[in-house]
Amino acid sequence: MSNVYVFDHPLIQHKLTYIRDKNTGTKEFRELVDEVAALMAYEITRDMPLRDVTVETPVATAKCKVLEGKKLGLVPILRAGLGMVDGILKLIPTAKVGHIGLYRDPETLEPVQYYSKMPSDIGERDLIVIDPMLATGGSAAEAIRILKEMGAKNIKLMCLIAAPEGIERVQKDHSDVDIYVAAVDEKLNEKSYIVPGLGDAGDRLFGTK
Ligand code: PRP
Ligand code: URA
């Protein structure tokens, strides 16, 4: 069974509160999502492997560590996942970015794929699938399925807010994928929106309605 990690860092929780607030406008919403994504990237990369090196300081030889250089890939689910990419790239600028275009059919709630473009070596990369919202879990589960079909082996899922139903779905379909979130909310409403959630993440990020 995959693990679920809830990032309870005070800065993440503080910023998430303003992300949720319906009075937060597009510009501030975008900035806050970017900041929280960076803070979550800081937490999610805790287990990145290091190797020993030595450097000459002006004073002496120092035994130090640098990142081993494991290849990373970010995979935002379009379109709302895009809002989290830059924040993560600030910390991990060498990560490659693949894109999966999925939208949730408003009638059936099933994910519909309309785009995908991945780095050619995704089978060798540790991938982080990014989407602010994990509601029914249909979009994330489908994105992960597509990536596995393309040869991906190591996948993490990073979301701002998850509903219990979405977590259950990903755990059922992809028990090898750990899930990293800033909050697990109460439930889904009759339109499968997360309650209390933040509303429509894509619309709030891009100012559409
Ligand atoms: C939202 C969100 C997720 C999906 C979550 O995208 O960004 O991708 O819904 O719902 P699910 O867990 O029930 O699948 P949406 O389909 O609204 O597309 P958009 O990002 O283009 O607005
Ligand atoms: N997609 C969103 O953007 N918000 C939700 O609450 C559910 C799906």
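Is the stretch 108-115 home to any residue that is within 16 Å of ligand 2 (Cβ to nearest atom) and within 24 Å of residue 29 (Cα to Cα)? Taking every residue of the stretch 108-115 in turn, none turns out to be within 16 Å of ligand 2 (Cβ to nearest atom) and within 24 Å of residue 29 (Cα to Cα). Number of residues in the stretch 153-173 that are open to solvent by less than 10 Å² (accessible area, probe 1.4 Å) and more than 18 Å from residue 45 (Cβ to Cβ) equals 5. Residues satisfying the criterion are present in the stretch 155-162 (criterion: β-branched (Val, Ile, Thr) and within 17 Å of residue 33 (Cα to Cα)). Screening the candidates 175, 139 for the property of being within 18 Å of residue 85 (Cα to Cα) and among the hydroxyl-bearing types (Ser, Thr, Tyr) yields one hit, 139.
For the stretch 1-19, how many residues meet the condition of being more than 17 Å from the chain's Cα centre (by Cα) and not polar (S, T, N, Q)? Number of matching residues: 5.
Results for (1) more than 12 Å from ligand 2 (Cβ to nearest atom); (2) among the acidic types (Asp, Glu); (3) without any contact (Cβ under 8 Å) to a residue 24 or more places away in the chain; (4) in a helix (DSSP H, G or I), shown as yes or no for each residue.
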| site | (1), (2), (3), (4) |
| --- | --- |
| 123 | yes, no, no, yes |
| 129 | yes, no, no, no |
| 141 | yes, no, no, yes |
| 144 | yes, no, no, yes |
| 147 | yes, no, no, yes |
| 171 | yes, no, no, yes |
| 176 | yes, yes, no, no |
| 208 | no, no, yes, no |
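In this entry, residue 119 is excluded by the filter for residues that are touching a residue at least 12 places away in the same chain (Cβ under 8 Å), open to solvent by less than 50 Å² (accessible area, probe 1.4 Å), on the phi < 0 side of the Ramachandran plot and within 13 Å of ligand 1 (Cβ to nearest atom).
Of a type outside the set (Asp, Glu) and surrounded by fewer than 18 Cβ atoms within 10 Å (Cβ to Cβ) - does that describe any residue in the stretch 125-136? Checked against the condition, which is being of a type outside the set (Asp, Glu) and surrounded by fewer than 18 Cβ atoms within 10 Å (Cβ to Cβ), the stretch 125-136 yields no hits at all. The condition of being under 21 Å from residue 13 (Cα atoms), more than 16 Å from ligand 1 (Cβ to nearest atom) and within 16 Å of the chain's Cα centre (by Cα) holds for only one of 80, 38, that being 38. If I filter the stretch 175-201 down to residues being buried (at least 21 other Cβ atoms within 10 Å of the Cβ) and within 10 Å of ligand 1 (Cβ to nearest atom), which single residue comes out as nearest to residue 132 (Cα to Cα)? Of everything passing the filter in the stretch 175-201, 201 is nearest to residue 132 (Cα to Cα). Selection within the stretch 175-209: residues that are in contact with a Leu (Cβ under 9 Å, 6 or more places away or on another chain) and hydroxyl-bearing (Ser, Thr, Tyr). The member of this set that is nearest to residue 19 (Cα to Cα) is 180. Against the condition at negative phi and in contact with a Gly (Cβ under 8 Å, 6 or more places away or on another chain), how does residue 96 come out, does it pass? So residue 96 passes the test.
The values are calculated or read from the model by the stated rules, or taken from the named source; none is laboratory data. This structure is a prediction, so every number in the text was calculated from the model and none was measured. Cβ coordinates were reconstructed from backbone atoms using ideal geometry, including for glycine residues, and neighbour counts include every protein chain displayed. Side chains included, ligands, DNA and RNA excluded: accessible areas come from the protein's heavy atoms. Shrake-Rupley method; radii C 1.70, N 1.55, O 1.52, S 1.80 Å.
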